[in-house]
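Working notes, beginning with the structure itself.
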Amino acid sequence: MKAKWIRAGVPVALTAAALAVACGAGHVILDVDVLSFIKSAIADTFHYSSPPLPPVSTACLPPVSVNLPGALAKSAVQSVTLTATVAAENNTGTGDVTVTLHFSSDSATTCASPITTGGTVNVSGAQTKQITVSPLPPAGDTLFKNSKFFVAVQTGINAMAVPFDGRLHLVQFRALVVVNDKIF
């Protein structure tokens with residue numbers, strides 16, 4: 001009985017596979033909570049302070065690797081949409097607060113990478129405002145063809161009234177990746 005089932009199962013499986021291919025290319029949509037992957041390796045809160053004027057920009061923080069499912073390397077990435085929200089929690093002063101996310105395929109070039117996204121918000125006094133980063137440039141889509149990529153955070157401030165002091169808190173960081181169905 002077992003041999004008959006295997007012989008009958010192979011043609012059925014091949015027929016099902018042929019029908020799936022004949023139906024056209026499908027897409028796999030992955031909604032990835034990137035913050036949950038990097039939270040243990042990166043601080044999600046960054047302090048800013050500026051007693052001196054002119055603008056002060058902090059150094060780019062060390063890059064963190066984000067591992068992707070290996071099957072993405074076989075697939076054609078159609079698009080990547082990043083959404084990141086940062087809360088600027090200002091204590092005193094007035095100024096602009098900027099956050100920039102740098103992306104690269106290797107850790108050595110992450111902070112110098114042209115693949116960046118970010119946003120700026122003006123805060124004054126004791127208030128909290130949300131910074132929603134701009135879309136990732138199309139060149140960033142190629143990063144998702146690798147088994148991992150690196151991300152680094154850089155903050156910047158432009159103090160207009162000092163002392164300018166507060167913190168940035170990374171609230172959300174998600175990636176919506178659309179790929180062809182070559183994963184399986």
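The values are calculated or read from the model by the stated rules, or taken from the named source; none is laboratory data. Just so it is clear, the structure is predicted and the values come from calculations on it, not from any experiment. Glycine gets a Cβ as well: all are built from the backbone with ideal geometry, and neighbour counts include every protein chain shown.
Evaluating CYS111 against the criteria (1) in a strand (DSSP E or B); (2) at pLDDT 90 or above; (3) within 20 Å of ASP44 (Cα to Cα) leaves one unmet condition, (1). Could you please let me know if VAL121 is of a type in the set (A, V, I, L, M), in contact (Cβ under 8 Å) with a residue 12 or more places away in the chain and more than 15 Å from VAL177 (Cβ to Cβ)? Taking the combined requirement at face value, the residue satisfies it. The residues listed here are LEU82, LEU61, LEU53; of these, the one that is modelled with pLDDT under 90, over 17 Å from the mean Cα position of the chain (by Cα), surrounded by 13 or more Cβ atoms within 10 Å (Cβ to Cβ) and not aromatic (Phe, Trp, Tyr) is LEU53.
Any residue that is in a helix (DSSP H, G or I), hydrophobic (A, V, I, L, M, F, W, C) and either out of contact with any Cys (no Cβ under 9 Å at 6 or more places or on another chain) or over 16 Å from VAL177 (Cα atoms) (or both) - is there at least one of those in segment 86-98? Quick ask: steps written out before the conclusion?
At the first step, the residues of segment 86-98 found to be in a helix (DSSP H, G or I) are none.
No, segment 86-98 has no match at all.
Given the criterion buried (at least 21 other Cβ atoms within 10 Å of the Cβ) and at pLDDT below 90, identify the matching residue among LEU143, LEU176, LEU72.
Working: LEU176 fails: buried (at least 21 other Cβ atoms within 10 Å of the Cβ); LEU72 fails: buried (at least 21 other Cβ atoms within 10 Å of the Cβ).
From the options LEU143, LEU176, LEU72, the qualifying one is LEU143.
Residues of segment 26-49 that are more than 25 Å from ASP96 (Cα to Cα) and in a helix (DSSP H, G or I): VAL34, SER36, PHE37, ILE38. Within this structure, VAL179 fails the test of being assigned to a strand (DSSP E or B), closer than 24 Å to PRO62 by Cβ and touching a Ser or Thr at 6+ places or on another chain (Cβ under 6 Å).
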